[in-house]
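The block underneath contains the structure these notes are about, expressed in structure tokens.
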């Protein structure tokens, strides 16, 4: 194929995309496409020829005379729209403007569709895989007054937070320690051992021993096969017994890769309550509001995003694609279930 033929084919746009019908990524790669190119082509095919509830917008978009590069540029703008209907409306419009006007019109529409969110005064935590961030939003004068007494170091900031006799809050005993980890700690070998707290933070085994623990803490027993057995407290049980035990089992949202702490998560029924699922610990798992909402509740139905289950007593995420369940929480050290 000459370079003239190459650009001529790309200029066909939707017509070229339509030829991907029935082809897989492997098929396209075998034809000479790079893996990323194959993914992009199949993604465009799903948009312009796949199933959608917005068939009218799709038909309009399919009538576009744009080449492949322009259609890919349109998608970079469309993916920034919140709401599928609004995204389709923008796509259909951009498919019929002059190629040189795509970016200008897209920016104008995005400014209308996604107005800047008004920042509210407050303090928020951003949880990373390692370090966390504390974000403070307020009037410029208030923030300037606070920062005037800082030198940019974390130590100075923390000293200011706990000044004037104010003590740091004691760590509650919502720490998950397995028996083998406890043996390791008591032998004085816990420096490298990382434990999870139910607020999403971590501490080493050495820090666990040196920390001042609250007088009324929690202890949980986890059977290696059956999963959670019971929860005990040094005084009378609280109404949140099941939530506490589930939080100990999954200190953060059980969905792989989510860092939302259990303290901000919801108790999810693995077998939905409406389907007869019991409200007992073996049928419960902690999920953040977002992942609780997208979980595929029906084990016999479609599983487009994944769903939670138990495998040999351990909480596990069942992927939407062929593959082994992914163990979560205190069971995650084992990786995937065999």
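No lab work stands behind these numbers, since they all come straight from the coordinates. Computed from a prediction, not measured in an experiment: that's the story for all the values here. Positions of Cβ are backbone-derived with ideal geometry, glycine not excepted, and every protein chain shown enters the neighbour counts.
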(request) Describe numerically, in nm with one decimal, the distance between label points set 7 Å from Cα along Cα→Cβ at residue 204 and at residue 146. (result) 3.0
(request) Please report the relative contact order for the stretch 49-95, taking Cα pairs under 8 Å with a sequence separation of at least 6, and give it as a percent rounded to a whole number. (result) 50
(message) Just want to confirm a number: the relative contact order over the stretch 3-113, from Cα pairs under 8 angstrom separated by 6+ residues, in percent.
(response) 27
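Under 1.5 on a/c is rounded, so check that first for the stretch 241-338, then, if it is not, pick prolate when a/b is larger than b/c and oblate when it is not; a ≥ b ≥ c are the square roots of the alpha carbon gyration tensor eigenvalues.
rounded
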(message) With the cut-off at 1.5 for a/c, could you classify the stretch 73-150 from its C-alpha gyration tensor as rounded, prolate or oblate?
(response) prolate
(message) Between residue 259 and residue 113, how high is the FRET efficiency from 1/(1 + (r/R0)^6) when r is the Cβ-Cβ distance and R₀ = 35 Å? Nearest 0.05.
(response) 0.75
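Sequence gap at least 6, Cα distance under 8 Å: using those rules, report the relative contact order of the stretch 240-299 to the nearest whole percent.
Numbers: 82 pairs, mean separation 21.1, N = 60.
Reported as a whole number, the value is 35 percent.
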(request) Order by neighbour count: 52, 252, 60, fewest other Cβ atoms within 10 Å first, most last. (result) 52, 60, 252
(request) Would you mind classifying the stretch 3-113 by shape? Square roots of the alpha carbon gyration tensor eigenvalues, ordered a ≥ b ≥ c; an a/c under 1.5 is rounded, otherwise it is prolate if a/b is larger than b/c and oblate if not. (result) prolate
(request) Determine, for 8, 247, 153, 64, the number of other Cβ atoms within 10 Å of each Cβ, and report the residues in order from fewest to most. (result) 153, 8, 64, 247
